[in-house]
Amino acid sequence: MSKNTIKGLETLPEETVNVLIKNGYKNAKAIAISLAGDLAEDTGLSLDYAEQIIVKAVEKIAKPAMNAEELLDIELKRNKLTSGSTALDSLLGGGPWSGEITEIAGGFATGKTQLCFQFCVTAQLPTENGGLEGKVFYLDSEGTFSATRIGEMAVALDMDPRKVLRNIIVARALDSSHQIRIVQKINEIAQQENIKLVIVDSIASHFRSDYIGKDKIAERQLKIMQHASSLTNLAYVHDLVVVVSNQMVQKIDYVSGGSRHVPALGEAWSHRPQTRLELRKSPGQARMVRLTDSPRRPDGEEVFYITPSGIRDNPNR
Ligand SMILES: Nc1ncnc2c1ncn2[C@@H]1O[C@H](COP(=O)(O)OP(=O)(O)OP(=O)(O)O)[C@@H](O)[C@H]1O
Ligand SMILES: [Mg+2]
């Protein structure tokens, strides 16, 4: 029988390699972006040993330091996913970029889920049409996934709705721990399934309901940070577009005594998405979208419409 090996980690003892592969850690990428606690728990290896293995894996996959011109070429090659609205795309410099997290925050019925559905369809377009030519992993934490609605959006783009739906892998997260584990497992299948887009709709709901009360805040923040790291690594290592929706919460301003609405999950999470959008309702099916944070684009605001065909610049198309 041929010996099991993990490319880049040939120096590990055979029994370690066997236990890693048996538990789904089949390549250096999967190991590099896992958390030591999970690797130890999944494999039965000690925490110290799990940490050493992760360090070795990270050394294998980490890109060497580069000059900024080389980075420019890499940036130019990153995928930008069209939203169906040219106004929203231009706000984002082409749409959400691969390799990073884009957050869509907004109140109820502002169109967060509709935008996520639209991205599921456009992700499957050719790259020259603003697509990613790849599959989608959709993590549904609120039970609002609708295959019928995505089918309608596909038909509106002259795409075969069943083919589009076959390319979307949907997982329903039942609580925040389940959500964290699902994201860690995406890493294992991303490459073999040609996944190019990961959607989390929504990032916040389970964390907000699983950790209630002031005494749980520290624990909640720690879990959110772990989850954010998994998503960041997933985006970076596999060059995926990651789109997460987020709810809005009221924040009291103790200086002015007033309050304002801000995306949920607090300060620690707020620095993790590279790009942040906020949606607001406008009369009819119009929605205002505001870019509030981007590493490359100025803040700005645009309008799009939720139409029967999907997300559009014009209410009648
Ligand atoms: N087939 C459709 N044609 C036109 N508009 C639609 C269609 N389906 C849903 N919408 C509109 O989309 C809006 C709901 O958007 P969506 O479900 O994306 O909200 P959300 O921001 O995800 O809200 P929540 O926070 O409750 O999850 C509604 O105003 C609805 O009118
Ligand atoms: Mg929703």
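Every number here is computed from the coordinates shown, using simple stated rules; none is lab data. Given the structure is predicted, the values throughout are model-derived calculations rather than measurements. When we count neighbours, we look across all protein chains shown, and the Cβ atoms used for this are built from the backbone with ideal geometry, even at glycine.
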- Query: Efficiency by 1/(1 + (r/R0)^6): what FRET value for Lys77 and Asp253, r their Cβ-Cβ distance, R0 = 45 Å, to the nearest 0.05?
  - Reply: 0.60
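Could you check what % of the DSSP bridge pairs in the chain are antiparallel, to the nearest 5?
So the antiparallel bridges in the chain amount to around 45 percent.
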- Query: For helix 176-189, what angle does its Cα long axis make with the longest principal axis of the chain, in degrees from 0 to 90 and rounded to 10?
  - Reply: 70 degrees
- Residues with amide H under 5 Å of Val249's amide H, sequence separation 5 or more or different chain, H placed in the peptide plane at 1.01 Å from N; which? Val262, Ala264
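Please tell me which of these pairs span more than 24 angstrom C-alpha to C-alpha: Lys26/Lys60; Lys135/Lys185; Lys77/Lys135; Lys22/Lys163; Lys135/Lys223? Please list the in-between numbers first.
Working: Lys26/Lys60 14 Å; Lys135/Lys185 16 Å; Lys77/Lys135 19 Å; Lys22/Lys163 32 Å; Lys135/Lys223 28 Å.
The answer is Lys22/Lys163; Lys135/Lys223.
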- Query: What full-extension length gain, to one decimal in nm, is calculated for Asn129 and Val55 as 0.36 nm per residue of separation minus the Cα-Cα distance?
  - Reply: 22.7 nm
- Note on the structure: Looks like the chain, by Cα gyration tensor root eigenvalues a ≥ b ≥ c and the a/c under 1.5 rounded cutoff (else prolate when a/b is bigger than b/c, oblate otherwise), is prolate
- Which of Phe119, Ser141, Gly131, positive extreme of dipole for region 103-182 (C-beta unit charges): Ser141
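With each run of n ≥ 4 DSSP H residues scored as -39500 (n - 2.57), what mean residue ellipticity at 222 nm is computed for the chain after dividing by its residue count and rounding to the nearest 500 deg cm²/dmol?
-12000 deg cm²/dmol
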- Can you list residues whose amide H is under 5 Å from Gly300's amide H, if they're 5+ apart or on another chain and H is modeled 1.01 Å from N? Leu291
- Item | Relative contact order of the chain, defined on C-alpha pairs under 8 angstrom at six or more residues apart (%) | 21 percent
- Listed residues Asp89, Asp215, Asp38; largest mean-square fluctuation, Gaussian network over the chain with Cα springs below 10 Å, found at Asp215
- Förster radius 35 Å - calculated FRET efficiency between Asp293 and Ile217, Cβ distance, rounded to 0.05: 0.90
- Task: Round to the nearest 0.05 the FRET efficiency obtained for Asn67 and Thr16 when R0 = 41 Å and r is the Cβ-Cβ distance.
- Result: 0.65
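For Lys163 and Ser229 in the same chain, what is the full-extension length gain: residue separation times 0.36 nm, less their Cα-Cα distance, in nm?
Result for the pair: 20.5 nm of gain on full extension.
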